[in-house]
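A.B. asks: Here it is, the structure in full.
The values are calculated or read from the model by the stated rules, or taken from the named source; none is laboratory data. Given the structure is predicted, the values throughout are model-derived calculations rather than measurements. Cβ sites come from the backbone with ideal geometry, for glycine too, and all protein chains shown count toward neighbours. Note: accessible area is taken over every heavy atom of the protein model, side chains too, but ligands, DNA and RNA are not part of it. Shrake-Rupley method; radii C 1.70, N 1.55, O 1.52, S 1.80 Å.
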Amino acid sequence: MDSQLFSDNETISESAGETVHFYYNRARRLEHAPKIVQDHYNGTGPQVAKGLFRTLFATRMNRLMLLAVVVTAALTWLSVRHAPDPWAATIGTVQVTLGAFSYADTVYVSVTYAPLSGSDDTSAAVPVSAQLSCRDADGAAVVVEELTGEYVGNALSLRTYCTDYDIVSVTAVVAVGGETKTVTAPVERR
């Protein structure tokens with residue numbers, strides 16, 4: 001391949017009897033460039049919107065993508081906000097919550113029956129119970145225990161502890177009167 005360099009930055013290359021011209025001069029190169037390239041170099045081509053909000057609303061597709069993100073975020077927030085808590089249940093008019101935390105090698109478990117709003121002291125005692133099942137990482141029941149008490153409309157907490165470090169969750173079948181529900185709580189490590 002035989003090439004020569006000329007003073008006006010033009011290189012002529014001859015290969016297989018064909019002469020090919022390469023122009024390195026910007027003005028000469030732009031003379032033969034497509035219209036879109038010439039417009040870009042002249043500054044008369046399409047302009048990009050400046051700023052974040054202008055860019056988000058610049059085209060129809062950008063607006064649709066922004067709308068899709070907003071709708072997805074709203075639906076996610078609503079589903080998380082209104083999803084029932086697995087550690088809480090309402091039995092009749094009584095709100096029951098289950099909590100468990102670990103300190104050292106002991107797991108402390110508490111089943112709390114919330115006070116009724118507007119309750120009076122003349123309420124009849126209602127028997128309550130909680131069948132606790134402390135579970136390990138495989139889901140096997142390590143400790144099973146039953147707690148009982150009487151609910152008279154005031155706050156009532158049934159508490160116990162388990163001395164096994166492998167417990168990761170506690171499941172309780174709670175009963176108020178004759179109605180039962182199942183609640184599950186993870187063990188918080190402290």
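A.B. asks: Out of contact with any Lys or Arg (no Cβ under 6 Å at 6 or more places or on another chain), open to solvent by 40 Å² or more (accessible area, probe 1.4 Å) and among the hydrophobic types (A, V, I, L, M, F, W, C) - does that describe any residue in the range 176-187?
C.D. replies: Checking the range 176-187: not a single residue is out of contact with any Lys or Arg (no Cβ under 6 Å at 6 or more places or on another chain), open to solvent by 40 Å² or more (accessible area, probe 1.4 Å) and among the hydrophobic types (A, V, I, L, M, F, W, C).
A.B. asks: Can you confirm whether the range 145-165 contains a residue that is within 30 Å of the chain's Cα centre (by Cα), under 25 Å from Ala104 (Cα atoms) and open to solvent by 40 Å² or more (accessible area, probe 1.4 Å)? First the steps, then the outcome.
C.D. replies: Initially, the range 145-165 is screened for residues within 30 Å of the chain's Cα centre (by Cα), giving 165.
Next, from what is left, pick out any that are under 25 Å from Ala104 (Cα atoms): 165.
Remaining after also requiring open to solvent by 40 Å² or more (accessible area, probe 1.4 Å): 165.
Yes, the range 145-165 contains at least one residue that is within 30 Å of the chain's Cα centre (by Cα), under 25 Å from Ala104 (Cα atoms) and open to solvent by 40 Å² or more (accessible area, probe 1.4 Å).
A.B. asks: Are any of the residues in the range 20-35 at pLDDT 85 or above and either in contact with a Pro (Cβ under 7 Å, 6 or more places away or on another chain) or closer than 30 Å to Thr163 by Cα (or both)?
C.D. replies: Taking every residue of the range 20-35 in turn, none turns out to be at pLDDT 85 or above and either in contact with a Pro (Cβ under 7 Å, 6 or more places away or on another chain) or closer than 30 Å to Thr163 by Cα (or both).
A.B. asks: Further question on the same structure: Cβ-Cβ distance below 8 Å, separation of 6 or more or different chains: which pairs start in the range 28-51 with a residue that is within 29 Å of Arg63 (Cα to Cα) and end on one that is assigned to a helix (DSSP H, G or I) and open to solvent by 100 Å² or more (accessible area, probe 1.4 Å)?
C.D. replies: As it stands, the answer is Gly45/Ile36, since those pairs meet every condition given.
A.B. asks: Criterion first (among the polar types (S, T, N, Q), modelled with pLDDT of 85 or more and closer than 13 Å to Leu158 by Cβ) does Thr106 satisfy it? It would help to see each step written out before you state the result.
C.D. replies: On the way: among the polar types (S, T, N, Q): yes; modelled with pLDDT of 85 or more: yes; closer than 13 Å to Leu158 by Cβ: no.
In short, no.
A.B. asks: Something else: Considering only the range 43-77, how many residues are touching a Leu at 6+ places or on another chain (Cβ under 8 Å) and open to solvent by 100 Å² or more (accessible area, probe 1.4 Å)?
C.D. replies: First, pick out the residues of the range 43-77 that are touching a Leu at 6+ places or on another chain (Cβ under 8 Å): 56-57, 62-63, 66.
This time we only want the ones that are open to solvent by 100 Å² or more (accessible area, probe 1.4 Å), so: 57, 63.
Qualifying residue count for the region: 2.
A.B. asks: A further question follows. Filter the range 130-144 for residues that are outside any loop (DSSP other than H, G, I, E, B), out of contact with any Asp or Glu (no Cβ under 6 Å at 6 or more places or on another chain) and within 24 Å of Ala104 (Cα to Cα) and give the result.
C.D. replies: Selection gives Ser133, Cys134, Arg135, Ala141, Val143, Val144.
A.B. asks: Another question, if that's okay. Counting only residues that are within 29 Å of Asp166 (Cα to Cα) and either of a type in the set (Val, Ile, Thr) or open to solvent by 50 Å² or more (accessible area, probe 1.4 Å) (or both), how many does the range 96-122 have? Give the steps one after another, and end with the answer.
C.D. replies: First, the residues of the range 96-122 that are within 29 Å of Asp166 (Cα to Cα): 96-113.
Within this subset, residues satisfying the condition of being either of a type in the set (Val, Ile, Thr) or open to solvent by 50 Å² or more (accessible area, probe 1.4 Å) (or both) are 96-97, 101, 103-109, 111-112.
Of the residues in that region, 12 qualify.
A.B. asks: When you check Ala89 against the structure, is it open to solvent by less than 70 Å² (accessible area, probe 1.4 Å), outside any helix (DSSP H, G or I) and in contact (Cβ under 8 Å) with a residue 60 or more places away in the chain, yes or no?
C.D. replies: yes
A.B. asks: Can I ask one more? Name the residue that is farthest from Thr90 (Cα to Cα), counting only residues in the range 163-181 that are in a strand (DSSP E or B) and free of Cβ contacts under 8 Å to residues at least 60 places away in the same chain.
C.D. replies: Thr171
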